[in-house]
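What follows is a set of notes on a single structure, which appears directly below.
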Amino acid sequence: MNLILTKTHLFVNFHLFLWVCHVFLQNLHQYIKYKKMKVAVVGATGMVGNVMLQVLAERNFPITELLLVASERSKGKQITYKGKTYTVIGLQDAVDAKPDIALFSAGGTTSEAWAPKFAEVGCTVVDNSSAWRMDPSKKLVVPEINGNVLTKEDKIIANPNCSTIQLVMALAPLHKKYKMKRVVISTYQSVSGTGVKAVEQLENETKGVKGEMAYHYPINRNAIPHCDDFLDNGYTKEEMKLVKEPKKILGDDSFSVTATAVRIPTAGGHSEAVNVQFENDFDLGEVRKLLAETPGVVVQDNLDTNTYPMPIYAHNKDEVFVGRIRRDESQPNTLNMWIVADNLRKGAATNTIQIGEYLIENALVGTEVV
Ligand SMILES: NC(=O)c1ccc[n+]([C@@H]2O[C@H](COP(=O)([O-])OP(=O)(O)OC[C@H]3O[C@@H](n4cnc5c(N)ncnc54)[C@H](OP(=O)(O)O)[C@@H]3O)[C@@H](O)[C@H]2O)c1
């Protein structure tokens, strides 16, 4: 009798042990603690790079070694991160240091030339430029929408254009529910989207000081319908990014998009007037609820209190703000809304860092574990 009991005990305990091992292995990635996470910020002296450092610190990104990288012009400059001073290094020195992750915001030309060199030494690059976005072999990612497409083999990952990110954050839940047919976008874009020189141009103009021009025209008290270069079809590159990138992120090219991108003298974020025609009809209350329940989206829409999104309030925030939600009464199943976000945060730095976090959380980057 005792012998049978002992055997049963052993049998049960053994199976319990197997089950515990199984659960542990299934959730291994949650227990993984990386010994090292060498992070390179490429373009650390720029607009996006600066915000990137701010966001990395705020979110306590698990950095064990930080490399701050910029052009030859900035080599040797000192930058402080979390109270420690770092010396800016050049691109080759950064490649030689073999980082685990490189967060790039140094323009398309730099990215085309250098991202593959970082990838070759085993580094995962998350790139803010437009260099890789439409390359069919590269993933274009907004983690809340399509983070699940990422794999360990993705060594160069593209961060979408700033205007695209805030647009798709609001469109994704609505497309899933009502199926988009056509989207018409007009943007009102912040000078910070052009970089340091453009912010300086606006500051100089407001002070009446002569200085270097980032645009062909004055931007203060102006609206310039010209973001990025013109293409043969008469659209700008920025407008065509808005046409193409949402289809790639949503994995669906059944809907059509047209856009007009305009630069205005604001600095806190980009705004977009968006008109969406759906295949199916919608209820406005349900649209507001869907948006309000979407992580990363905040509905600011109360006409009684004059509540609607504005760049001055979106500035320095990670959320995408949506308001002025109303039916387009000129045609069926069509919605108008106003979308605002800080282009340097969710439009660039925050989204890049969220991709990095996704890679770490899902054990898609780095190798050493403790
Ligand atoms: N601003 C936005 O809202 C936004 C949003 C999404 C994506 N982006 C993209 O992010 C990138 C950077 O934009 P930004 O606004 O931060 O521009 P920025 O303020 O002009 O900064 C550019 C950064 O790139 C570095 N850089 C330039 N040429 C380089 C080279 N040959 N080698 C190494 N580093 C080089 C600069 O270093 P130095 O200081 O040494 O010149 C600087 O750190 C661009 O590709 C842009 O399209 C910008």
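Structural remarks
- Working note: 222 nm ellipticity from helices only, DSSP H runs with n ≥ 4, each -39,500 (n - 2.57), summed and divided by the residues of the chain, gives -11000 deg cm²/dmol to the nearest 500.
- Restraint check, Lys155/Lys197; Lys181/Lys241; Lys75/Lys241; Lys98/Lys346; Lys36/Lys84, Cα-Cα greater than 23 Å: Lys155/Lys197; Lys75/Lys241; Lys98/Lys346
- Cut-off under 5 Å, modelled amide H: who pairs with Gly269 long-range: Ser190, Asn343
- Scanning residues 5 or more positions from Gly43 or on other chains, those with amide H under 5 Å from its amide H are Val69, Ala70, Ser105, with H placed 1.01 Å from N in the peptide plane.
- Binned Cα-Cα distances of the stretch 31-185, short to long, each 10 Å bin given as a whole percent: 10, 37, 34, 14, 4, 0
- Trypsin sites (Lys or Arg not before Pro) within the stretch 202-296, DSSP loop, no more than 14 other Cβ atoms inside 10 Å: Lys210, Arg221
- Cα-projected label distance for Lys84 with Asp304, points at 7 Å along beta-carbon direction, nm: 5.3 nm
- Rg(Cα) / (2.2 N^0.38 Å) computed for the stretch 163-343, rounded to two decimals: 1.06
- Shown here for the stretch 46-126: trypsin sites (Lys or Arg not before Pro) in loop regions (DSSP other than H, G, I, E, B) with at most 15 other Cβ atoms within 10 Å, namely Arg59, Lys75, Lys77, Lys82.
- Placing a label point 7 Å from the Cα of Asp281 along the Cα-to-Cβ direction, the residues of the stretch 325-340 whose backbone N falls under 12 Å of that point are 332-334.
- Sites matching GluC sites (Glu not before Pro) across the stretch 195-297 that sit in DSSP coil, with at most 10 neighbouring C-beta atoms within 10 Å: Glu212, Glu293
- If you plug the beta carbon distance of Ser71 and Glu357 into 1/(1 + (r/R0)^6) with R0 = 25 Å, you get a FRET efficiency near 0.35.
- ³J(HN,Hα) computed for each position of the stretch 42-58 - Karplus, 6.51 cos²θ - 1.76 cosθ + 1.60, integer Hz, glycine/proline x: 9, x, 5, 8, x, 4, 5, x, 4, 5, 4, 5, 4, 5, 4, 5, 4
- Candidates Ala172, Val322, Ala97 compared by Cα position along the dipole of the chain: farthest toward the positive end lies Ala97, with charges placed on Cβ.
- For the chain, diffusion coefficient by Stokes-Einstein and Kirkwood Rh (Cα), 20 °C, 1.002 mPa s, µm²/s: 96 µm²/s
- The length gained by stretching the chain between Ser137 and Asp253 to full extension, at 0.36 nm per residue less their Cα-Cα distance, is 40.1 nm.
- Extension gain for Val121-Asn233 works out to 36.4 nm (0.36 nm per residue, less the C-alpha to C-alpha distance).
- Computing FRET efficiency as 1/(1 + (r/R0)^6) for Asp96 and Glu329, where r is the C-beta to C-beta distance and R0 is 56 Å, gives about 0.35.
- Phi to ³J(HN,Hα) by Karplus 6.51 cos²θ - 1.76 cosθ + 1.60 over the stretch 287-296, Hz, x for Gly, Pro: 4, 4, 5, 4, 5, 5, 8, 7, x, x
- Amide H partners (placed H, <5 Å) of Val297, local residues excluded: Val320
- With the cut-off at under 12 Å, measuring from each backbone N in the stretch 253-286 to a point 7 Å along the Cα-to-Cβ line of Lys179 picks out 254-255, 278-281.
Every number in this text was worked out from the coordinates using simple rules, so none of it is lab data. This one's a predicted model, so the numbers in the text were calculated from it and none came from an experiment. Methodologically, a virtual Cβ is constructed for each residue, glycine included, from the backbone with ideal geometry; neighbour enumeration extends over all protein chains shown.
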